1. When the residues of region 104-116 are filtered to those that are out of contact with any helix residue (DSSP H, G or I) (no Cβ under 8 Å at 6 or more places or on another chain) and in contact (Cβ under 8 Å) with a residue 12 or more places away in the chain, which remaining residue is farthest from V234 (Cα to Cα)?
2. List the helices (runs of 4 or more DSSP H) that sit entirely inside region 474-576 and contain at least 1 residues that are within 25 Å of S60 (Cβ to Cβ) and modelled with pLDDT of 75 or more.
3. Of everything in region 62-90, what is within 25 Å of Q247 (Cα to Cα) and part of a helix (DSSP H, G or I)? Give them in sequence order.
4. Considering only residues that are modelled with pLDDT of 85 or more and within 15 Å of F180 (Cβ to Cβ), look in region 433-445 and name the one that is surrounded by the most Cβ atoms within 10 Å (Cβ to Cβ).
5. For W449, are the conditions met, namely being assigned to a strand (DSSP E or B), of a type in the set (F, W, Y) and open to solvent by 10 Å² or more (accessible area, probe 1.4 Å)?
6. Go through region 378-432 and count every residue that is assigned to a strand (DSSP E or B), surrounded by fewer than 24 Cβ atoms within 10 Å (Cβ to Cβ) and at pLDDT 90 or above.
7. In this structure, is S199 within 33 Å of the chain's Cα centre (by Cα), among the small types (G, A, S) and under 30 Å from S60 (Cα atoms)?
8. If D259 passes every condition in (1) touching a strand residue (DSSP E or B) at 6+ places or on another chain (Cβ under 9 Å); (2) open to solvent by 70 Å² or more (accessible area, probe 1.4 Å); (3) not aliphatic (A, V, I, L, M); (4) not in a helix (DSSP H, G or I) but one, which one does it miss?
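The values are calculated or read from the model by the stated rules, or taken from the named source; none is laboratory data. Every value quoted in this text rests on a predicted model; they were computed, and no experiment measured them. Here Cβ is always computed from backbone atoms with ideal geometry, including for glycine, and neighbour counts include all displayed protein chains. Note: accessible area is taken over every heavy atom of the protein model, side chains too, but ligands, DNA and RNA are not part of it. Shrake-Rupley method; radii C 1.70, N 1.55, O 1.52, S 1.80 Å.
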Amino acid sequence: MKLPSPLSSVLAPVLRRVPLASHSTEQVLLELDLGRGVAENPPGSPIEALRSLHTPLLRSIVDHLRKAERDKDVVGLIAAIGDAPLTLAQSAELRAAVASFRAAGKATLAWSPSFGELGPGNTGYHLATAFEEVWLQPSGAVGLVGFAGEAVFLREALDKIGVQPQLGQRHEYKTAADLFMRSNMSEPHREMITRLLESSTETLVSDVAADRGLEVAAVRAVLADAPVHAADAVTRGLVDTLGYRDQAYAAMRTRVGADPTLRYVERHGASKLESVLGPMTRMPGHKSVIGLIQASGAIHLGRGDGGSPLSGSSVGSDALCAALRAAGRDEHVKAVVLRIDSPGGSYVASDAIRREIQVLREGGTPVVASMASVAASGGYFIAMPCDTILASPGTVTGSIGVLAGKNVLREGLQRIGVNRETVAVAPRAAMFSSNQPFSDDELAVLESWLDEVYADFTAKAAADRKMGVEELRAVAKGRVWSGADAAERGLVDTLGGLEEAIAAACRLGRVDRDKAEVRTIPRHRPLQGLMPRESSEAVEARIASPTLLGVAEGPALWRRVLPELTGLFGTPYAGVLSLPPLRLPGLLPL
């Protein structure tokens with residue numbers, strides 16, 4: 001195996017002692033262990049690589065299952081689901097891969113000790129129903145309770161400490177400002193969240209009903225009674241067999257009629273390094289390449305390599321634009337899939353990325369947007385210029401709106417004996433200082449700017465989606481939609497996961513899917529961030545910022561902690577095109 005420098009000097013001695021997975025005629029039972037969930041991105045730093053050693057990549061699982069469909073040595077698939085921290089969008093992608101694996105005549109079985117222990121087990125059970133058999137530990141339960149959401153409001157707390165929020169938003173569904181401006185949920189806010197949860201629950205119910213051969217009404221009845229204990233789950237047709245892990249695995253071995261080698265899905269046919277970093281990039285020269293560019297995290301200006309340890313992954317516009325340009329320069333890249341898992345952020349950074357996508361398309365390279373768990377606000381902004389947009393039914397998207405403003409801290413600081421004085425030598429030099437409120441003139445400037453950004457966003461979205469501006473604005477107003485509802489309203493083109501997006505890119509690029517190489521751009525090199533760059537065109541640097549907290553923890557902290565902290569201290573929010581900080585277990589990554 002040839003490794004890209006500088007990884008080669010570090011890892012080559014190790015890899016000489018790491019054999020490739022066997023390609024003999026042994027029979028293999030693939031195992032899917034989702035105890036730690038799945039990761040959307042390969043690790044971008046040595047610290048992330050260590051923390052994510054046992055967290056499989058979603059793309060790697062799907063890719064290896066697809067290859068295993070035609071592997072005569074693979075006799076089946078067994079999954080140990082447990083309390084899998086999956087989103088509905090991730091579950092949908094895995095379900096599609098399992099369904100295709102089943103269609104190839106392979107045996108499948110899902111086992112779990114419990115689908116939620118007296119709590120929600122929606123997405124784990126949603127995935128399990130895609131398998132031919134569902135087993136449950138006798139002491140377990142099926143927590144098919146449906147989805148719920150929460151929003152936090154700080155206005156009363158801010159009033160008590162003397163903080164004055166001054167925020168504007170476009171329009172009533174762009175509810176991020178409500179965190180600071182209100183003490184309870186507005187009717188538009190409640191309407192938006194209710195519909196988002198209803199749509200996701202509809203997807204959950206219909207999928208479970210179809211796979212388990214149940215009536216929709218019967219599944220709805222389970223929602224009212226859940227969590228359902230193990231024995232009752234069998235009676236209701238939710239699971240097939242009660243048994244412990246050893247019994248489920250023994251039954252699967254008996255079923256396939258062999259003594260197969262048990263191997264994780266992501267390890268079959270791959271080196272140990274590849275199972276961590278994802279499918280290794282081949283050397284240039286392949287004639288049919290689909291470029292895969294990841295855009296995960298908050299969007300901001302710059303390279304994307306200066307993120308806070310608390311902020312999780314982020315998308316630097318300079319790095320993402322460089323990756324898009326690199327794809328356009330590579331004659332072997334026939335099309336690009338832009339994989340988006342972002343709540344948005346900077347308006348200017350999002351607009352710069354949109355322009356590079358347009359340039360790439362004008363140069364003859366089709367671009368397909370693949371929405372993961374969330375692609376909202378700025379995340380939607382960078383999806384809308386693509387040739388086609390795919391989303392999961394459970395994707396959180398839309399939020400076409402804008403917000404901006406500040407929190408005035410002067411009175412609150414004075415209450416604790418802290419006095420700040422501001423000196424400005426130009427009329428608007430201190431406009432965004434948290435030490436003084438907006439003047440009437442400054443408020444007029446802010447309102448005018450919000451109008452301009454919203455008009456620009458909606459006009460560009462309408463042009464990209466080939467809709468009338470008023471038609472587009474009817475589904476904008478900052479409103480968040482599920483992928484299913486967004487498809488009905490023309491905000492996305494079709495429903496599907498990453499594999500469907502790659503297939504669409506192959507069609508647009510006139511590439512045979514079975515002969516296509518999917519190449520990550522830029523190649524993931526965890527140590528590359530330590531090296532100097534040759535120029536602004538360099539794509540080796542990470543698009544997503546490193547985080548000391550790892551893949552799973554970072555996004556949760558960004559959405560659930562940093563908005564409150566930044567608001568309390570009067571510092572700018574992540575960007576004017578940001579998704580409201582919602583708590584939606586099973587829909588947004590936690």
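1. Among those residues, the one meeting the criterion is A104.
2. 483-488, 498-509
3. Hits for region 62-90 are L65, A68.
4. That would be F438.
5. Against the criterion (assigned to a strand (DSSP E or B), of a type in the set (F, W, Y) and open to solvent by 10 Å² or more (accessible area, probe 1.4 Å)), W449 does not qualify.
6. 1
7. Considered against the rule, which asks whether it is within 33 Å of the chain's Cα centre (by Cα), among the small types (G, A, S) and under 30 Å from S60 (Cα atoms), S199 comes out as yes.
8. (1)
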